[in-house]
Amino acid sequence: MLLERRDFLSSLTLASAATLFTGSSLLAATAPKKDKLGIALVGLGYYSTDLLAPALQLTEKCHLVGIVTGTPAKAETWKTKYNIPDKNIYTYQNFDRIANNPDIDIVYVVLPPSMHREFVVRAAKAGKHVFCEKPMAPSVADCEAMISACKSNKVKLAIGYRCQHDPNIQAYMKVAKEQKFGKVKMVNSAAGYVDNRTTHWKQNKALGGGVMGDMGVYALQGARLATGEEPISVIAQASTTRPEIYKEVEETMMFMLDFPSGARAACQTSFGINMNHLQINYEKGWVKMEPQSGYSGNKGSMSDGTIINFPIKSQQAKQMDEDCLAIMNNTDLIAPGEEGLRDIRVVEAIYKSVKSGQSVKI
């Protein structure tokens, strides 16, 4: 069997691996410029299966060429459905051999957050550009290591903040930048849904679970993007109404952010409450968004009568195309690794505040 043979090859020595990496660097240096970049998805769960793979059928600057999975049955299904050649199918054990595959330009890490650092670093060492799903990682130290590995290996690192590619979200970001209604005074940002699962990574602390490792980032991003600033302090409170499910991690988090300009943000996020909205109050007006971070249909209005409602076929397709263009043209990414790091700095401070019961400087 192909997968068994590849597992055997994963036992190659580190010296052999180093040779492969050197070879990949030479391949990259001499490879002709492509019209479409090849993407390999690492992890074939719901997000890859139901959203990224379909989006990759709509993209113009990239296409699905490879997969990495620990499940042979999934490999066979994807191979047939997307016409993926055997040589572009990898396991987690032999993943490093991707270094010698010129078909694959980008590795998209779609795994539980606890695994992000390992596979981003391995991909960077293999000479591949990296897209990494949010949240970037469970800790600031992990994020910094991921950024360092990508810089050292001269590859780009983009975090999968699909919303920042959505023109509806960009509309209220523009209001903050241009101060259309004056300074931001108060933000209310909420993101949550009811998750009744019991064995998912989101309920597992070791895998990076807890609501701040998922929906909490949307609530936090809403506040950060609405103000155009980075928070300087936070006070937070965690709670759980279903301890039989959320016994290791928080189900709900409420946190208040202070910003340098004097703006404040009240944020709520939960795995037990359906909510997705954003309200921004300025000196001379307001902006309301509902939903504020959906996969589609994000829309809103402004106090001057402006309607925010830009149709978008696929956030994920737009995200990947724009990130690929940045790679092809060697320009700035919309959401690079540093953007993911900014969120995790705040997340760490939120957990410190919960533990101490006091406001924490960021």
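Identify the single condition in (1) without any contact (Cβ under 8 Å) to a residue 60 or more places away in the chain; (2) on the phi > 0 side of the Ramachandran plot that Gly208 does not satisfy, given that it satisfies every other one.
For Gly208, the failing item is (1).
If you take the residues of region 227-258 that are of a type in the set (Gly, Ala, Ser) and within 14 Å of Val346 (Cβ to Cβ), which of them is surrounded by the most Cβ atoms within 10 Å (Cβ to Cβ)?
Here the answer is Ala236.
Please enumerate the residues belonging to region 220-250 that are in contact (Cβ under 8 Å) with a residue 60 or more places away in the chain and not in a loop (DSSP other than H, G, I, E, B). Show your work before the answer.
Just the residues of region 220-250 that are in contact (Cβ under 8 Å) with a residue 60 or more places away in the chain, to begin with: 220-222, 224-226, 230-238, 250.
Residues satisfying the conditions are Leu220, Gln221, Gly222, Arg224, Leu225, Ala226, Ser233, Val234, Ile235, Ala236, Gln237, Ala238.
Restricting to region 319-362, count the residues that are under 21 Å from the mean Cα position of the chain (by Cα), in a helix (DSSP H, G or I) and aliphatic (A, V, I, L, M).
Let us first name the residues in region 319-362 that are under 21 Å from the mean Cα position of the chain (by Cα), namely 319-328, 330-351.
Checking the rest, the ones that are also in a helix (DSSP H, G or I) come to 319-328, 337-351.
Those left that are additionally aliphatic (A, V, I, L, M): 320, 325-328, 341, 344, 346-347, 349-350.
Residues that pass the stated criteria total 11.
Applying the selection to region 128-142, what residues are open to solvent by 40 Å² or more (accessible area, probe 1.4 Å) and in contact (Cβ under 8 Å) with a residue 60 or more places away in the chain?
The answer is His129, Pro138.
Could you pull out the residue among Met212, Met253, Met173 that is under 20 Å from Gly272 (Cα atoms) and outside any strand (DSSP E or B)?
On the way: Met253 fails: outside any strand (DSSP E or B); Met173 fails: under 20 Å from Gly272 (Cα atoms).
From the options Met212, Met253, Met173, the qualifying one is Met212.
Mind listing whichever residues of region 60-76 are of a type outside the set (S, T, N, Q), open to solvent by less than 70 Å² (accessible area, probe 1.4 Å), closer than 12 Å to Gly43 by Cβ and over 19 Å from the mean Cα position of the chain (by Cα)?
The one that is of a type outside the set (S, T, N, Q), open to solvent by less than 70 Å² (accessible area, probe 1.4 Å), closer than 12 Å to Gly43 by Cβ and over 19 Å from the mean Cα position of the chain (by Cα): Gly70.
To keep it simple, each residue is scored yes or no on (1) hydroxyl-bearing (Ser, Thr, Tyr); (2) surrounded by 18 or more Cβ atoms within 10 Å (Cβ to Cβ).
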| site | (1), (2) |
| --- | --- |
| Met289 | no, yes |
| Ser314 | yes, yes |
| Val347 | no, yes |
| Ile350 | no, yes |
| Lys361 | no, no |
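I'd like the full set of residues that are in contact with a Lys or Arg (Cβ under 9 Å, 6 or more places away or on another chain), open to solvent by less than 20 Å² (accessible area, probe 1.4 Å), of a type outside the set (A, V, I, L, M) and within 26 Å of Met289 (Cα to Cα), limited to region 143-175.
Across region 143-175, the qualifying residues are Gly160, Tyr161, Arg162, His165, Asp166, Asn168.
Among the residues of region 316-338, what is the count of those that are among the acidic types (Asp, Glu) and open to solvent by less than 10 Å² (accessible area, probe 1.4 Å)?
Narrowing region 316-338 to residues among the acidic types (Asp, Glu): 321-323, 332, 338.
Filter once more, keeping what is open to solvent by less than 10 Å² (accessible area, probe 1.4 Å): 323.
Counting residues in region 316-338 that are among the acidic types (Asp, Glu) and open to solvent by less than 10 Å² (accessible area, probe 1.4 Å) gives 1.
State which residue is farthest from Ser152 (Cα to Cα) when the search covers only region 95-114 and only residues that are touching a Leu at 6+ places or on another chain (Cβ under 8 Å) and open to solvent by 10 Å² or more (accessible area, probe 1.4 Å). Can you show your working first?
Going residue by residue through region 95-114, those that are touching a Leu at 6+ places or on another chain (Cβ under 8 Å) are 96-97, 99-100, 102, 105-106, 108, 110, 112-114.
Among the residues that remain, those that are also open to solvent by 10 Å² or more (accessible area, probe 1.4 Å) are: 96-97, 100, 102, 105, 110, 112, 114.
Details: Asp96: 17, Arg97: 19, Asn100: 19, Pro102: 20, Asp105: 17, Val110: 22, Pro112: 24, Ser114: 22 Å.
Among those that are touching a Leu at 6+ places or on another chain (Cβ under 8 Å) and open to solvent by 10 Å² or more (accessible area, probe 1.4 Å), it is Pro112.
Given Lys183, Lys151, Lys134, which one is within 15 Å of the chain's Cα centre (by Cα), under 30 Å from Tyr351 (Cα atoms) and among the basic types (Lys, Arg)? Working first, answer last.
Working: Lys183 fails: within 15 Å of the chain's Cα centre (by Cα); Lys151 fails: within 15 Å of the chain's Cα centre (by Cα).
The match here is Lys134.
The values are calculated or read from the model by the stated rules, or taken from the named source; none is laboratory data. Computed from a predicted structure; not experimentally measured. Ideal geometry is used to build each Cβ from the backbone, glycine not excepted, and the neighbour counts take in all protein chains shown. Only protein heavy atoms, including side chains, enter the accessible area calculation; ligands, DNA and RNA are left aside. Shrake-Rupley method; radii C 1.70, N 1.55, O 1.52, S 1.80 Å.
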